[in-house]
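Structure, as structure tokens:
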Amino acid sequence: MTLQVAPPAVGTRQDVQAGEGQPGWLVVAQQECRDLWTSGRGLILLFLFSVLLSAVTYLTSTNQALNFLEQRESVNLVLQFAVAVGVLATLVVGADGISGERERGTLETLLVTPVARRSIIVGKLIAALTLWFATFGVSIPYLWVLGREVGILGPALALGFGVGTLLAVGLGSIGLLISAACNSNKTSIAASIFLLLILFAPTQLPSGLPQGWFFEVLLRANPVASGLAYISALLVEGHAWTQDLSYLITPLLTAIIAGSALIFAGPQLVRLTRGVNAG
């Protein structure tokens, strides 16, 4: 990313404002959003997501054996798929944030602009989150098709937006931390995707397996699994909103801890190191 900002006035802090009196993080976020969406990367990811979501929705909606409970499960399946792919996209964009700049040779230009390193990483996180919000917006019509007849569209949208945003903030921050710590962009993206696969693996286990206290501990220690378990408890099992709030502790702590680590430790990690060529 090539950041265009006005030179700072003599005697002012380089961290406070850039451009036309705007905060540095906002300038970075705007430029990153332009790079993400005008370059076509974001639109391509969004198109692929819509194709996959269309296939999942079609398979669930054309099942002739659906009854009331199974329709709720279909809404839950599509919503969890939307959250999973949206969080994955956010993580991948975050994983490219710093290490990708190193490999493309644009990080040095970015670091010499009158914008603090903390503002750089905050702006990059905000830009990565726009992909999550876009994927969630695309999923709304699909959820409407499946959920309008069983009266759970509103709860499904609220659950997906709330839990998905917590996961996107937490894992997007982790992706940027990994990106800042890696010299190779390929290593950063591979490590981030591997982490996400580990986090999503417990959600794919058959429901009939024995579930003792150890499984419950692993479930609640996993932010992705516990967040999706909360969604299932409300949509499929019909629990009250406050009945399973303990499932949200880990996603909330992940967002707070990873976000705080990114803000406070990220500036020390955003530095020029010898990267690996993309070729």
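Where a number appears in this text, it was derived from the coordinates with a stated rule and is not lab data. What you see is a predicted model, and the numbers here were worked out from it, not measured in a lab. Here the Cβ positions follow ideal geometry from the backbone for every residue, glycine too, while neighbour counts run over all protein chains shown.
Could you compute how fast the range 135-185 diffuses translationally, taking Rh as the Kirkwood radius over C-alpha pairs and applying Stokes-Einstein at 4 °C with viscosity 1.567 mPa s? Give it in µm² per second.
Details: Rh = 12.8 Å.
My calculation gives 101 µm²/s for D.
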Subject >> residue 239 long-range amide H proximity, modeled H, under 5 Å >> reply: 234
**OP:** Could you sort 125-138, 164-177 so that the peptide with the highest average Cβ count within 10 Å comes first and the rest follow in order?
**Re:** 164-177, 125-138
Original post:
Over the Cα atoms of the range 23-269, what Rg and Dmax result, in angstrom?
Top reply: 18.8, 62
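Could you pull out the trypsin sites (Lys or Arg not before Pro) across the range 107-153 that fall in loop regions by DSSP (anything but H, G, I, E, B) with no more than 16 other Cβ atoms inside 10 Å? Display every interim value, and only then the final one.
Numbers: sites: 117, 118, 124, 148; in loops: 148.
Answer by residue number: 148.
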**OP:** Can you check what the net charge comes to around residue 103, using other residues whose Cβ is under 10 Å from the Cβ of residue 103 (Lys, Arg +1; Asp, Glu -1)?
**Re:** +1
**OP:** Go through the range 133-147 residue by residue and turn each phi into a ³J(HN,Hα) via Karplus (6.51, -1.76, 1.60, θ = phi - 60°); whole Hz please, and just put x for glycine and proline.
**Re:** 4, 5, 5, 5, x, 5, 6, 4, x, 5, 5, 5, 4, 7, x
Original post:
What is the order of 216, 32, 73, fewest Cβ neighbours within 10 Å to most?
Top reply: 216, 73, 32
Subject >> Highest-first arrangement of 253-266, 92-105, where packing means the average Cβ count within 10 Å >> reply: 92-105, 253-266
Original post:
So, counting K/R as plus one and D/E as minus one, what does the shell of residues with Cβ under 14 Å around residue 247 add up to?
Top reply: -2
Original post:
In debye, nearest 20: dipole of the range 23-269 around its Cα centre with unit charges on the Cβ of K, R (+) and D, E (-)?
Top reply: 480
Subject >> Burial ordering of 27, 112, 163, fewest other beta-carbon atoms within 10 Å first >> reply: 112, 27, 163
